[in-house]
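Participant: One structure coming up, written as C-alpha cells, with questions to follow.
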Amino acid sequence: MNRKEFFSRVGFGAAAALLPACVAGLATSCSSAGENTAAPTSVDFILDISTGSLATDGGFLVSNKIVVARVNASTFLAVSAACTHEGTNVNYVNSSNSFHCPNHGANFSNTGSHLNGPGSSDLKQYNVTLVGNSLRVYS
Ligand code: FES
C-alpha cells in the first residue's frame with residue numbers, strides 16, 4: 001500500500017465513522033438551525049429551593065425545558081432553556097447575571113433578551129413566585 005492508498009482508506013474510514021453520529025444527532029456540529037428551540041407553553045410547576053443547585057446564589061438547573069436560576073435568596077429567574085440558535089441548553093452566569101449558550105456563544109439577558117452571538121430570537125421568560133422553600137414557575 002502506498003501513501004496515497006493509505007490516506008484514501010483512512011479518510012474514508014473517518015467519514016464512515018462520523019456519519020452515524022450525525023444521523024443520530026450525536027454530533028452538535030451536525031445539527032440544523034431551529035431544531036428543538038421551541039419554548040414550553042402552559043408551564044406550571046414547583047421546585048424545592050432548600051436543596052440542590054437552587055439552594056446557592058448563582059446556582060441553576062433545567063427542569064421541564066426551563067432554566068431556573070437563583071440570583072439571591074429572594075430573586076429567581078426562569079427562561080426557556082433551549083438556545084434560540086440550535087437548541088443547546090443555556091447556562092446561567094452569575095457574574096454577569098445573564099444566560100450563555102456554551103455551544104456557539106450566544107448571550108441573553110436575565111430576562112431572556114438576545115444580546116449577541118448566533119441567532120436573533122429571545123428566550124421566553126416565565127413567572128416565578130417564592131413561598132417558603134417552594135418556587136412556583138409558571139407561564
Ligand atoms: S446553539 Fe448555537 S449559540 Fe446556542
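Participant: By how many nm would the segment from Ser113 to Asn64 grow when fully extended, if each residue of separation counts as 0.36 nm and the alpha-carbon distance is taken off? Don't skip to the end; give the middle numbers.
Facilitator: Working: separation 49, 0.36 × 49 = 17.64 nm, distance 2.01 nm.
Extra length from Ser113 to Asn64 when fully extended: 15.6 nm.
Participant: Once you have the Cα-Cα distance between Ala38 and Thr51, take 0.36 nm times their residue separation minus that, and quote the gain in nm to one decimal. Spell out each step's value before the answer.
Facilitator: Working: separation 13, 0.36 × 13 = 4.68 nm, distance 2.90 nm.
Fully extending the segment from Ala38 to Thr51 adds 1.8 nm.
Participant: At 0.36 nm per residue, minus the direct Cα-Cα distance, what do Thr129 and Asn97 gain on full extension? Give it in nm, one decimal, please.
Facilitator: Details: separation 32, 0.36 × 32 = 11.52 nm, distance 1.89 nm.
Full extension from Thr129 to Asn97 adds 9.6 nm.
Participant: May I pose another question? Any idea how far the Cα center of the stretch 107-123 sits from the one of the stretch 38-81, in Å?
Facilitator: Computed from Cα coordinates, the inter-centre distance equals 18 Å.
Participant: Sort 110-121, 77-88 by the packing proxy (mean of other Cβ within 10 Å over each peptide's residues), most packed first. Let's see the in-between values first.
Facilitator: Details: 110-121: 15.2, 77-88: 23.2.
Result, highest mean Cβ count within 10 Å first: 77-88, 110-121.
FYI, it's all coordinate maths here, none of it is from the lab. These numbers were taken from a predicted model, which means no experiment stands behind them. For neighbour counting, all protein chains shown are included, and Cβ atoms are generated from backbone atoms with ideal geometry for every residue, glycine included.
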